[in-house]
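Q: Sharing a structure with you now.
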Amino acid sequence: MTKWISGDGSRQPFILSIPFAPFVQVDKDHPRYRSLIIREKMSEMVDEGIVAPAGLIAHGRGEAFDYLMGEMSTANALRTERAAVACLLEAKHPVLSVNGNTAALCAREMVTLSEIIPARIEVNLFHRTEERVEKVCRYLEREGARGVLGRKADGILPGVASDRAKCTKEGILSADVVLVPIEDGDRAQALVATGKQVIAIDLNPLSRTAQVAHFTIVDEASRALGNMISMVPELKSDHQARKALVSSFSNKRNLQESVALICRRLQEIAAKGKS
Ligand code: PTJ
């Protein structure tokens, strides 16, 4: 399949070879080049059955918030990522939950993080079908994941209606810390209600997931996970630092700072527009 995305009408293609978008042609100097490539990849992942159609809407919402925050990991996000890594390393039974969007955007990063923490990976889908679960599991396994949980959902997360509650006893149900990137609010809330520590990665600091989680990383998921992977070696050997990071962390302060940052950026842009 060949697709054209041309920013300035010159129709000069740039052929890029990335998994799931092998023949996308995009002008490399298009101002939204990276974003366009990722969109192409996400829509092809819908065709593959990895991403749910509604996942594209969730992705668009994330993009909008990323845009407002300058499309970079802020100092505040980095602080939260550090505290979240400390929490994962302190956990007895940490689990990384993977849905369609997370698999499409950052399967490799999730696999690496699961190896170095170490933590189990569980595929947990909002728009659940057995076929999609299998596809996402296989996709992660192609990226090197071992012992992926989720195929045999033998547990029910209390407080969530229908198939969305399905999870595993060995994984999410018995976890003390769960990492949920790009998660929906009902499930995040249900996980919190079971007494687990919940680490969310969500670009929208106003979302229910962001508001209920104990650690809300307001950063793009693949960037956040890359940062977290680089923080593991140092924190792994420093139990005191980990304890201090976890106990001094305030998610309320973190979310206030994230919203304030968006406001500051909008004010700066508005001020520039005036001069
Ligand atoms: O694959 P499934 O079936 O489990 O479905 C996954 C989706 C994403 C469709 C489901 O979990 C969902 O509906 O999520 P929500 O309620 O739309 O919430 C997703 C949140 O993630 C929103 O607040 C987005 O702003 C945010 N988000 C989207 N993309 C990213 C993101 N946050 C971080 N990084 C992203 N790349």
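The values are calculated or read from the model by the stated rules, or taken from the named source; none is laboratory data. No experiment lies behind these values; they were computed from the predicted model shown. Here Cβ is always computed from backbone atoms with ideal geometry, including for glycine, and neighbour counts include all displayed protein chains.
Q: Residues to consider are Leu235, Leu203, Leu179, Leu245; find the one that is farther than 13 Å from Cys87 by Cβ and either among the basic types (Lys, Arg) or at pLDDT 95 or above (or both).
A: Leu203
Q: Given Glu268, Glu183, which one is free of Cβ contacts under 8 Å to residues at least 24 places away in the same chain and not basic (Lys, Arg)?
A: Just one listed residue meets the conditions, Glu268.
Q: Which ranges mark the helices (runs of 4 or more DSSP H) fully within segment 21-103 that have 3 or more residues being within 19 Å of Ile121 (Cα to Cα)?
A: In segment 21-103, the matching helices (runs of 4 or more DSSP H) lie at 75-90.
Q: A follow-up question, please. Show the residue pairs meeting these rules: Cβ distance below 7 Å; 6+ apart or different chains; first residue within segment 96-110 and of a type in the set (Ser, Thr, Tyr); second residue away from the ligand (no atom under 11 Å from the Cβ).
A: So the pair list comes out as Ser97/Glu122; Ser97/Ile172; Ser97/Val178; Ser97/Leu179; Thr102/Met110.
Q: I've got another one for you. Could you list all residues from segment 37-55 that are near the ligand (Cβ under 9 Å from one of its atoms) and surrounded by fewer than 16 Cβ atoms within 10 Å (Cβ to Cβ)?
A: Residues satisfying the conditions are Pro53, Ala54.
Per-residue answers, yes or no, for (1) crowded, with 23+ Cβ neighbours inside 10 Å; (2) outside the structural domain of Ser174 (by TED's automatic domain parsing); (3) more than 13 Å from the chain's Cα centre (by Cα); (4) among the charged types (D, E, K, R):
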{"position": "Gly60", "(1), (2), (3), (4)": "no, yes, yes, no"}
{"position": "Tyr67", "(1), (2), (3), (4)": "no, yes, yes, no"}
{"position": "Gly70", "(1), (2), (3), (4)": "no, yes, yes, no"}
{"position": "Thr80", "(1), (2), (3), (4)": "yes, no, yes, no"}
{"position": "Val85", "(1), (2), (3), (4)": "yes, no, yes, no"}
{"position": "Ala91", "(1), (2), (3), (4)": "no, no, yes, no"}
{"position": "Val95", "(1), (2), (3), (4)": "yes, no, yes, no"}
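Q: Among the helices (runs of 4 or more DSSP H) confined wholly to segment 144-256, which include 2 or more residues that are among the hydroxyl-bearing types (Ser, Thr, Tyr)?
A: Counting at least 2 such residues, we get 221-236, 239-248.
Q: Shifting gears a bit: Out of curiosity, is Gln256 among the polar types (S, T, N, Q) and farther than 28 Å from Ala107 by Cα?
A: So Gln256 fits the description; yes.
Q: Could you list, in sequence order, all residues of segment 188-203 that are under 19 Å from the mean Cα position of the chain (by Cα) and more than 21 Å from Ala107 (Cα to Cα)?
A: Gln189, Ala190, Leu191, Val192, Lys196, Gln197
Q: Right, something else. Please count how many residues of segment 108-164 are more than 13 Å from the ligand (Cβ to nearest atom), in contact with an Asp or Glu (Cβ under 7 Å, 6 or more places away or on another chain) and of a type in the set (D, E, K, R).
A: 2
Q: If you scan segment 173-205, which residues turn out to be near the ligand (Cβ under 8 Å from one of its atoms) and either surrounded by fewer than 23 Cβ atoms within 10 Å (Cβ to Cβ) or among the charged types (D, E, K, R) (or both)?
A: Correct list: Glu183, Asp184, Gly185, Arg187, Asp202, Asn204.
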